[in-house]
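Asker: Before anything else, here's the structure in question.
The values are calculated or read from the model by the stated rules, or taken from the named source; none is laboratory data. What you see is a predicted model; the values in this text were computed from it and never measured. No Cβ is skipped: glycine too gets one built from the backbone with ideal geometry, and neighbour counts run over all protein chains shown.
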Amino acid sequence: MKKIFSFRRRVFDNNTENHQYSKNHSTVIEDPYFYKRLINRYLVGCILVSFGILLAESGGSWDITNHLLNKPETFFSPPHVILYSGIGLSLVGATIMFLYWRSSSIYISTRKKEKNLELDLSIKLVISGVSMLILAGPLDFSWHSAFGLDGLLSPPHLTLTIGMLAGSIGALIGITSSYFVILNNSISQEKRQDNNIDKFKNNEKIPLSLYTTLTIIGILPIWMSSSGLTYMFSLPFSDTEYYNFNLEPTTAAIIATLTFPFLISFILVSLLRLVVEISNKKRKFGAISLTGSIFMIITIVTMIIPNKSLLSTIPFYVLNIIPIIIADIFLSKLPLKRVYIYTSGGILGSSFFMLYYPMITHIYNEVVTNQPLWPSLTAPIYFEMIFQIYPLLAVPAIGVGILGAIVSSRLINRKN
Amino acid sequence: MNFDYSKRSNNIIRVNTTIVLIVLAAISLIIYYSLSILYIPQLYLSFSSEVKSQPVITGAKLSNSKVILGESFDLTITTRNNGDTADMQVVSLSFPNITSIDSIVKISDYNFTQKPVFIEVGDDVGSEYYGFDKVIKAPYPSIEANSRPWHTGDYYQISIDVKPTSVGRFVIFLKTIALPHINELDHYPRFGIKDYQGEFIAVSSVDVVNK
């Protein structure tokens, strides 16, 4: 509280232009505290959207596992409640984002000195994403009414997943751009006040570790929803009474082999690059490991623990933290050279077959063993398969992992 | 000279740190791949034993052994799993004398975790204990009830109410199967006569007579 008051007083003391802001927006307070408050609230909206989507994805993942186990399903089953809560939370977040984006837009357009707030893409993606999440509900109901039981890949589920992906990308853009907006605004304030940029750093009130945490919260739902989208096109769960959307097993396996390693590498390398940008080029160990750990915890809680026969394989799954920590060390402790970035990408990519356990068993089982895959047979089939198939997958996985790191580096460099 | 020495020393420390980290990473990766791809899978496969479920029909209780045409009788089937927990255990009651379940057979009670399903003539059904990996068409109607999973020692019951529409012997075929089906212990009965699905059945029947 003391810090907030000191910041507020300092800003007001130094502020030379201090207009009033009324509800009808006819006049505007031109003070940076007001502006920062708008951005902070906008940031809260972004966090709610990201967290909501992450929650919805976790609920969805648990729901898929329950379907595989054929557990009795009700409208208010725990996975459904988590899914709905997540969607509700992201709706609240999107509303907050929209309201504060509108206020700050009015503020900016009135001042006219500063433009290019760069929040437009974020708000557009979030609103379209959350709209798709809401639309998916009635669409799913209509689909069930027309065709009975549906598979994993269906128009309503696709709408839901694309909505999650769009919303989470929008929220991450919002989180990172909010940081830069506050940073630029604060620097320009200091410049205007006494032409001393260094003083800004002394007066800096933005906790960087908080922004790193927020970036992790922002990137996780992107990883989860893009993984979900890949699962949709690769898992053989879409053959129903009226239609069969399952891809040919080899095609599905190729999609999984090319997409999963790319995703792991692209997401985790991008995370580090974003954190580096936020922390004034300082690299800190931990962000990648933490993100990987959360991803693994979600998998353990939603996919492994509900299937009792997989409980003994948790130690095997936990081992996947090793390549993630190694990639984190390479990217944070070694010189930021291409060779280390690409090596990290390769290491991360090579772990995809283990990191996407147990669900990945269903994809490759169709090609390798084609046995009936009952819940109790998932681990035995996976462990039989890993001998046969991993040596064939390792090289393409490393290659695609390196590609993910290259694409991530180029994308973030170009953005800068 | 001091400055150069210090710079050189820092470079050496940095290079050494890099080398140490790379070596440690390489060792960790070797351990990771050895454990994940070789050691743990082999360990798991050598220690894990086959799931040995043992489904049995412990009771098939008929309300009457003889009924007058137009009257109904009840049949209650009780089943149990005496072995390891099965991913799924199915109980099937089929009716070879009729062509449609319509108004003849009604489910009066059940405690299975899943709602029992009616299978009509022409519907797809699994066969030879392969489940839906070997599908054939049903020539007569049946009822299938299942629980997923079916834990060791759990009992499940289904009661039906049957009102035959013709005189003669009204026959009901009974069987229970645990899935995944691995050996002969995973089905009950384990021998005897087989139905159209190539699976062993127990027979229960009621004489339907005119007034």
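Asker: Would you confirm whether any residue within segment A:316-329 is of a type in the set (F, W, Y) and under 27 Å from B:I13 (Cα atoms)?
Answerer: For segment A:316-329, residues of a type in the set (F, W, Y) and under 27 Å from B:I13 (Cα atoms): absent.
Asker: Condition first: facing chain A (nearest Cβ under 9 Å) and either within 26 Å of A:V339 (Cα to Cα) or in contact (Cβ under 8 Å) with a residue 12 or more places away in the chain (or both). Can you find one or more residues in segment B:72-84 that meet it?
Answerer: yes
Asker: Determine, yes or no, whether A:L319 is within 8 Å of chain B (Cβ to nearest Cβ), closer than 21 Å to A:I406 by Cα and without any contact (Cβ under 8 Å) to a residue 60 or more places away in the chain.
Answerer: For A:L319, the condition - within 8 Å of chain B (Cβ to nearest Cβ), closer than 21 Å to A:I406 by Cα and without any contact (Cβ under 8 Å) to a residue 60 or more places away in the chain - is not met.
Asker: Considering only residues that are modelled with pLDDT under 75 and basic (K, R), look in segment A:72-113 and name the one that is surrounded by the most Cβ atoms within 10 Å (Cβ to Cβ).
Answerer: The extreme case among them is A:R111.
Asker: Restricting to segment B:90-128, name every residue that is touching a Ser or Thr at 6+ places or on another chain (Cβ under 6 Å) and within 13 Å of chain A (Cβ to nearest Cβ).
Answerer: Those that are touching a Ser or Thr at 6+ places or on another chain (Cβ under 6 Å) and within 13 Å of chain A (Cβ to nearest Cβ): B:F112, B:T113.
Asker: Among the candidates B:P55, B:P41, single out the residue that is on the phi < 0 side of the Ramachandran plot and more than 10 Å from chain A (Cβ to nearest Cβ).
Answerer: B:P55
Asker: I would also like to ask the following. Might you let me know whether segment B:161-178 holds any residue that is surrounded by 22 or more Cβ atoms within 10 Å (Cβ to Cβ) and within 14 Å of another protein chain (Cβ to nearest Cβ)?
Answerer: yes
Asker: Could you say which residue among A:M296, A:M303 is more than 8 Å from chain B (Cβ to nearest Cβ), modelled with pLDDT of 95 or more, in a helix (DSSP H, G or I) and within 17 Å of B:D87 (Cβ to Cβ)?
Answerer: A:M303
Asker: Quick test of your reading of the structure: B:L185 fulfils all but one of (1) more than 13 Å from chain A (Cβ to nearest Cβ); (2) under 24 Å from A:P372 (Cα atoms); (3) surrounded by 13 or more Cβ atoms within 10 Å (Cβ to Cβ); (4) touching a strand residue (DSSP E or B) at 6+ places or on another chain (Cβ under 7 Å). Name the failing condition by number.
Answerer: Condition (4) is where B:L185 drops out.
Asker: Can you confirm whether segment A:129-139 contains a residue that is in a helix (DSSP H, G or I), under 22 Å from the mean Cα position of the chain (by Cα), of a type in the set (S, T, Y) and surrounded by 21 or more Cβ atoms within 10 Å (Cβ to Cβ)?
Answerer: Within segment A:129-139, not a single residue is in a helix (DSSP H, G or I), under 22 Å from the mean Cα position of the chain (by Cα), of a type in the set (S, T, Y) and surrounded by 21 or more Cβ atoms within 10 Å (Cβ to Cβ).
Asker: Take the residues in segment B:27-85 that are small (G, A, S) and surrounded by fewer than 13 Cβ atoms within 10 Å (Cβ to Cβ); name whichever of them is modelled with the lowest pLDDT.
Answerer: B:S49
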